[in-house]
Amino acid sequence: MGAEPERESISSPEVHQVAERVEALGQFVMKTRRTLKGHGNKVLCMDWCKDKRRLVSSSQDGKVIVWDSFTTNKEHAVTMPCTWVMACAYAPSGCAIACGGLDNKCSVYPLTFDKNENMAAKKKSVAMHTNYLSACSFTNSDMQILTASGDGTCALWDVESGQLLQSFHGHGADVLCLDLAPSETGNTFVSGGCDKKAMVWDMRSGQCVQAFETHESDINSVRYYPSGDAFASGSDDATCRLYDLRADREVAIYSKESIIFGASSVDFSLSGRLLFAGYNDYTINVWDVLKGSRVSILFGHENRVSTLRVSPDGTAFCSGSWDHTLRVWA
């Protein structure tokens, strides 16, 4: 054990120390370019379509809406049999959406351009959990879906058959969020939850390969760095953190004395230089990932920001809020 302190002293430095000589970011201006109105209650989740234009959102009113973010038109709407639709996701093909919440399951709806079609009739129940669905994401194809639940597990499902392909046990409480590793080959994902832990999983074996426990409260959101070598988390402890997977440790904390409300949702800019974080005090903070400093604070929402995603081409991001609206910023 005598070598412990020594190992600490030579371990890798924090990100901001390495980035001291990096050029600071210039003036940073982003404004609300579109406001999407149509939900009758709190917006809980949203996801972009790969076409960089459409997005899906889900709400406490039980509605799931597909929007054209350019025109703000609603292209599809489904009313779920439950309120609190906490999770929604767009299929990679753009031809289906998945959603769920207090119904403890994940349902997939195919999207067609036939306006008269009854979407609910084509609904397919894919995943069944023993508690609420907190997050869902298609893998690299429309054929598999990954879910996280209040029952403390994550699971991988076959969309066609609804068969459970793999389950992931290890969290000690509700799992609140997940994100798939960005690489085509990376068969891993990260999850976070009420046990204050972020866990990295091998999708094939079902094993947890890395775990990080430095947050002081629930982890509400996890998101991989674009290279896949790190991930960020947002927590009720009012901080966002960056974890380096190769160094196997936390390398940055994004926080300020003045920020006392939890971070509900985080996402990186396409380059990975910025971290966008939505907070329960109605604001969005933009962090310089390398410097660890806040470069901007965005106002506009009138209630807590619950969900936030950068568009696939990196030109904009969308935030959803308990104020019933979504905003597209650029």
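The values are calculated or read from the model by the stated rules, or taken from the named source; none is laboratory data. What you see is a predicted model; the values in this text were computed from it and never measured. Note that we place each Cβ from the backbone using ideal geometry, even for glycine, and neighbour counts take in every protein chain shown. Heads up: the accessible areas ignore ligands, DNA and RNA and are worked out on the full protein's heavy atoms, side chains in. Shrake-Rupley method; radii C 1.70, N 1.55, O 1.52, S 1.80 Å.
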Pairs where the first residue, in region 295-307, is on the phi > 0 side of the Ramachandran plot and in contact (Cβ under 8 Å) with a residue 60 or more places away in the chain and the second is in a loop (DSSP other than H, G, I, E, B) and open to solvent by less than 20 Å² (accessible area, probe 1.4 Å), C-beta under 9 Å, 6+ apart: G300/T283
Which numbered condition N140 misses (of (1) part of a strand (DSSP E or B); (2) out of contact with any Asp or Glu (no Cβ under 6 Å at 6 or more places or on another chain); (3) open to solvent by 40 Å² or more (accessible area, probe 1.4 Å)): (1)
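Inspect region 252-268 for any residue being outside any strand (DSSP E or B), surrounded by 23 or more Cβ atoms within 10 Å (Cβ to Cβ), over 16 Å from the mean Cα position of the chain (by Cα) and modelled with pLDDT of 95 or more and give the result as yes or no.
Here is the first cut: in region 252-268, the ones outside any strand (DSSP E or B) are 255-262.
Imposing the further condition that a residue be surrounded by 23 or more Cβ atoms within 10 Å (Cβ to Cβ) reduces the set to none.
For region 252-268, residues outside any strand (DSSP E or B), surrounded by 23 or more Cβ atoms within 10 Å (Cβ to Cβ), over 16 Å from the mean Cα position of the chain (by Cα) and modelled with pLDDT of 95 or more: absent.
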D288 being among the charged types (D, E, K, R), modelled with pLDDT of 95 or more and either within 17 Å of the chain's Cα centre (by Cα) or within 23 Å of W329 (Cα to Cα) (or both): yes
Residue within region 277-287 that is at positive phi, touching a residue at least 24 places away in the same chain (Cβ under 8 Å) and open to solvent by less than 10 Å² (accessible area, probe 1.4 Å) present: no
Of all residues making up region 199-216, the number that are open to solvent by less than 20 Å² (accessible area, probe 1.4 Å) and in contact with an Asp or Glu (Cβ under 8 Å, 6 or more places away or on another chain): 2
Residue in region 180-196 that is in contact (Cβ under 8 Å) with a residue 40 or more places away in the chain, farther than 25 Å from N220 by Cβ and not in a strand (DSSP E or B) present: yes
